[in-house]
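A.B. asks: The following block contains the structure, expressed as structure tokens.
The values are calculated or read from the model by the stated rules, or taken from the named source; none is laboratory data. The structure displayed is predicted, hence computed values, not measured ones. In this analysis, Cβ positions are derived from the backbone assuming ideal geometry, glycine residues included, and neighbour counts consider all displayed protein chains. All accessible areas refer to the heavy atoms of the entire protein, side chains included, with ligands and DNA or RNA removed. Shrake-Rupley method; radii C 1.70, N 1.55, O 1.52, S 1.80 Å.
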Amino acid sequence: MSDIIVPAMGESITEGTISKWVVQEGAAVRQGDVLLELETDKVNIEIGAEADGIVTSILKKEGDTVAIGEVIGTIGEGSGAPAAPAAPAQPEAAAPAPAAAPAAPAAAPAPVADTTGVNASPAARKLAREKGIDLSAVPTRDPIGRVYSDDVKSASNAPAPAPAAAPSAAAAAPAAVPGKPAERKRMSRRRQTIAKRLVEAQHNAAMLTTFNEVDMTAILDVRKRRKDKFKEKYDVNLGFMSFFTKAVVGALKAFPLLNAEIDGNDIIEKHYYDIGIAVSAPDGLVVPVVRDADRLGFAEIERNIVDLAKKARSNSLSLSELQGGTFTITNGGVFGSLLSTPILNAPQVGILGMHKIQLRPVAIDAERMENRPMMYIALSYDHRIVDGAEAVSFLVKVKELLEDPESLLLEG
């Protein structure tokens with residue numbers, strides 16, 4: 001017999017949510033067969049069978065939160081032929097479940113506590129289940145909001161959390177107006193994480209945004225003249241992202257604090273350029289990273305972005321492809337956005353927002369006006385370490401490099 005265990009997936013991931021069981025109890029499996037899909041804060045993974053045999057028990061259901069190393073099922077010895085008609089396996093497995101419920105009535109709130117998406121240690125989750133405490137109502141002193149067992153112990157001694165549950169339940173009642181069509185859906189784990197991180201970014205950083213505009217005439221001209229030969233030579237399209245990535249790298253070299261992060265009372269200046277590219281995926285926004293962008297040519301950057309975007313949309317990104325970016329670029333223009341304020345991708349202190357290219361009348365001199373392809377660009381930055389003058393100068397540098405594409409070969 002072998003256990004089905006939640007595997008380790010990286011230092012920053014301590015738990016996940018079972019999104020789908022591919023097999024049922026009594027099913028015959030071979031080593032390597034996919035048993036279930038696990039959703040984590042950053043990536044979705046498939047867990048495979050470690051041995052041939054019959055799935056004799058499934059201990060956690062879809063939607064349950066499970067910790068790394070936790071046993072969530074078992075595979076027993078047996079051949080595949082009799083497994084399919086083994087109908088009694090499910091009734092037998094279902095029978096002990098009601099017996100377990102009265103034996104431990106305090107465990108009833110466990111699904112609520114485990115599915116809140118709260119960042120908590122395994123010990124804190126266990127203690128919260130035992131005491132019937134909702135982890136989302138537990139205050140913590142941890143700077144990143146992680147709940148520990150000491151926090152749960154403190155909450156269990158305070159009478160305040162008990163009445164807090166009643167208002168939340170009462171508030172849920174009027175959410176849907178009687179007689180009006182409505183549907184309640186549970187947030188995916190990734191959506192919960194995105195929501196939490198965006199709120200934390202606004203609460204934990206002194207975030208400001210500065211704006212400028214770029215005349216895209218020169219870049220459009222280069223693309224028009226070079227795109228066919230570029231495609232023929234490198235088998236990838238010459239897009240806008242390689243120009244913007246190169247311009248950002250050139251500006252980061254000139255203003256290194258935009259490539260830094262805050263660690264307590266220290267500033268960590270990074271002398272490498274791993275640029276995150278925000279990609280809209282089915283389960284929510286993800287930011288895969290183009291490594292060492294300063295050492296890559298235009299074709300290599302475009303190829304990296306295409307590959308990462310494909311993986312993002314098929315939920316096949318690895319954890320290493322999502323970690324460690326130093327600065328982020330997001331392009332709302334592909335959806336038609338004319339102007340927006342991007343939110344920082346913590347712990348980074350800068351993010352550049354691209355927008356839609358639109359023909360607008362531009363004053364060439366005191367007497368002439370021309371219609372030019374213009375793009376608004378936005379830089380959101382952490383004012384704790386980046387001053388306004390530096391942020392504005394950074395964005396002006398990006399503008400200058402984009403309006404003179406040949407300079408990207410020298411400074412990007």
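A.B. asks: Considering (1) open to solvent by 10 Å² or more (accessible area, probe 1.4 Å); (2) modelled with pLDDT of 95 or more; (3) closer than 19 Å to LYS246 by Cβ, say which one VAL398 fails and leave the rest.
C.D. replies: Here VAL398 meets the rest and fails (1).
A.B. asks: May I ask you to verify whether SER407 is over 15 Å from the mean Cα position of the chain (by Cα) and open to solvent by 10 Å² or more (accessible area, probe 1.4 Å)?
C.D. replies: yes
A.B. asks: In addition: Exactly one condition in (1) more than 31 Å from the chain's Cα centre (by Cα); (2) modelled with pLDDT of 95 or more; (3) open to solvent by less than 70 Å² (accessible area, probe 1.4 Å) is false for GLU390; which is it?
C.D. replies: (1)
A.B. asks: Okay, moving on. For the range 248-294, how many residues meet the condition of being exposed (fewer than 15 other Cβ atoms within 10 Å of the Cβ), acidic (Asp, Glu) and assigned to a strand (DSSP E or B)?
C.D. replies: Of the residues in that region, 3 qualify.
A.B. asks: Hey, could you check the range 296-317 for residues that are outside any helix (DSSP H, G or I) and among the polar types (S, T, N, Q) and say which is surrounded by the fewest Cβ atoms within 10 Å (Cβ to Cβ)?
C.D. replies: This residue is SER314.
A.B. asks: Looking at ILE351 and the list (1) in contact with a Phe, Trp or Tyr (Cβ under 8 Å, 6 or more places away or on another chain); (2) exposed (fewer than 13 other Cβ atoms within 10 Å of the Cβ), which single condition is not satisfied?
C.D. replies: Condition (2) is where ILE351 drops out.
A.B. asks: For residues that are open to solvent by 50 Å² or more (accessible area, probe 1.4 Å) and either at pLDDT 80 or above or in a strand (DSSP E or B) (or both), tally how many sit in the range 71-84.
C.D. replies: Residues flagged as open to solvent by 50 Å² or more (accessible area, probe 1.4 Å) and either at pLDDT 80 or above or in a strand (DSSP E or B) (or both) within the range 71-84 amount to 2.
A.B. asks: Okay, moving on. Hey, among the residues in the range 342-382 that are modelled with pLDDT of 95 or more and among the small types (Gly, Ala, Ser), which one's farthest from the chain's Cα centre (by Cα)?
C.D. replies: ALA378
A.B. asks: Also, I was wondering about something else. Within the range 346-368, work out how many residues are in contact with a Leu (Cβ under 9 Å, 6 or more places away or on another chain) and not in a loop (DSSP other than H, G, I, E, B).
C.D. replies: 5
A.B. asks: Next question. For the range 252-282, which residues satisfy the criterion of being of a type in the set (A, V, I, L, M, F, W, C) and farther than 30 Å from SER314 by Cα?
C.D. replies: Correct list: LEU252, ALA254, PHE255, LEU257, LEU258, ALA260, ILE262, ILE267, ILE268.
A.B. asks: Something else about it: Determine whether the range 215-225 contains at least one residue that is outside any helix (DSSP H, G or I), over 20 Å from ILE277 (Cα atoms), open to solvent by 10 Å² or more (accessible area, probe 1.4 Å) and in contact with a strand residue (DSSP E or B) (Cβ under 8 Å, 6 or more places away or on another chain).
C.D. replies: yes
A.B. asks: Would the range 331-338 turn up any residue that is touching a helix residue (DSSP H, G or I) at 6+ places or on another chain (Cβ under 8 Å), within 12 Å of ILE277 (Cα to Cα) and without any contact (Cβ under 8 Å) to a residue 60 or more places away in the chain?
C.D. replies: no
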